[in-house]
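Since the structure comes first, as structure tokens, the remarks are kept for the end.
Readers should treat all values here as calculations from the given coordinates under stated rules, not as data from a laboratory. Since the structure is predicted, the reported quantities are computational estimates derived from the model, not experimental observations. Here Cβ is always computed from backbone atoms with ideal geometry, including for glycine, and neighbour counts include all displayed protein chains.
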Amino acid sequence: MNRKYRKTIIAGNWKMNMLASDIKPFAEELKALVPKAKWCEMVFCVPFVNIPAALKAFKDTRVAVGAQNLNENDHGAYTGEVSAAMLADLGVKYVIVGHSERRRYYGETDTTVNKKVHAAVNAGLYPIICVGESIEQREMGVTGELIAFQVKSALSGLAAEQIHKIVIAYEPLWAIGTGKTATAEQANEVCNSIRAIIRKLYGARTARSVTIQYGGSMNETNAAELLSKLDIDGGLIGGASLVPEKFAAIVNAANQEQA
Ligand code: PGA
């Protein structure tokens, strides 16, 4: 396994779960479970209102805090929205962009995703860009084309030196929250195709350095196999990230892979 060129990132996506008051006990429990977390980076992407509590709870730990969304505009009359600069100002490091739940329930398009990626990178944030196909698209045999379209659209207009700041999460829609994981081979095949697209656009050296995660029912039992694949550099984890033991088991599996 030769991953010295890129970071392994295990990121939790808490979605609309957890209260601010739950975070400190969670952080303490987790800390005791991942004493040897020396390789992979840990992140929790939390609801906006819980960002200050998360930053406080994870201060002086190896856990970074991320947001789950941002607005594509710098500032202005966008009631209820949050800008990249506001997140960066608080000390947020990562931000999920284009999660399938945002695409499906809130009408996010590939064009909006691209604008949000630019907003994030310009503010110094690391976007975690989500791409993935539905079960119908997989059965139609268009997964490759669709993922290529989503990745190219999301990265459009970014310079090679900005690509070092992005993370891509391959999340097949049929695997999210369903308990049905892609096989390690299926996941690796798509992650590999994403790296090939980046190679074509930005060259081999850049492609080698980009972290590409798998997401979709990754848990404590299937993580080791998924993370053993060469092009899967971590996970974006929903359900299992809400339970310290489960998240820690995934982190420890990632560390094992790197050791
Ligand atoms: P899941 O969610 O792990 O609960 O399937 C993953 C995600 O939506 O990022």
Which lysines have a Cα lying under 19 Å from the Cα of Lys165, excluding residues fewer than 8 positions away in the same chain?
Lys4, Lys7, Lys93, Lys115, Lys116, Lys152, Lys200
What does the charge count around Arg199 come to, taking other residues whose C-beta lies under 12 Å from its C-beta (Lys +1, Arg +1, Asp -1, Glu -1)?
+3
Please state the relative contact order of the chain as a whole percent: Cα pairs under 8 Å, 6+ residues apart?
23
For Thr221 and Glu136, what does the FRET efficiency come to when R0 = 30 Å and r is the distance between their Cβ atoms, rounded to the nearest 0.05?
0.60
State which helices in the chain qualify, where a helix is a whole DSSP H run, it must extend 20 Å or more along its own axis by its Cα atoms, and its mean Kyte-Doolittle hydropathy must be at least -1.0.
20-33, 184-202, 244-258
So what's the back-of-envelope 222 nm ellipticity for the chain, counting only DSSP H runs of four-plus at -39500 (n - 2.57) apiece and dividing by all residues, rounded to 500?
-13000 deg cm²/dmol
Suppose the Debye formula is applied to equal point scatterers at every Cα of the chain; what is log10 I(q)/I(0) at q = 0.07, 0.09, 0.14 Å⁻¹?
-0.21, -0.35, -0.90
Give, as a single signed number, the net charge of other residues whose beta carbon lies under 9 Å from the beta carbon of Glu108, with Lys and Arg counted +1 and Asp and Glu -1.
+3
Give me the net charge of Ala84's neighbourhood, meaning all other residues with Cβ under 13 Å from the Cβ of Ala84; Lys, Arg count +1, Asp, Glu -1.
0
Full-extension gain in nm, His164 to Arg104, via 0.36 nm per residue minus C-alpha separation:
18.8 nm
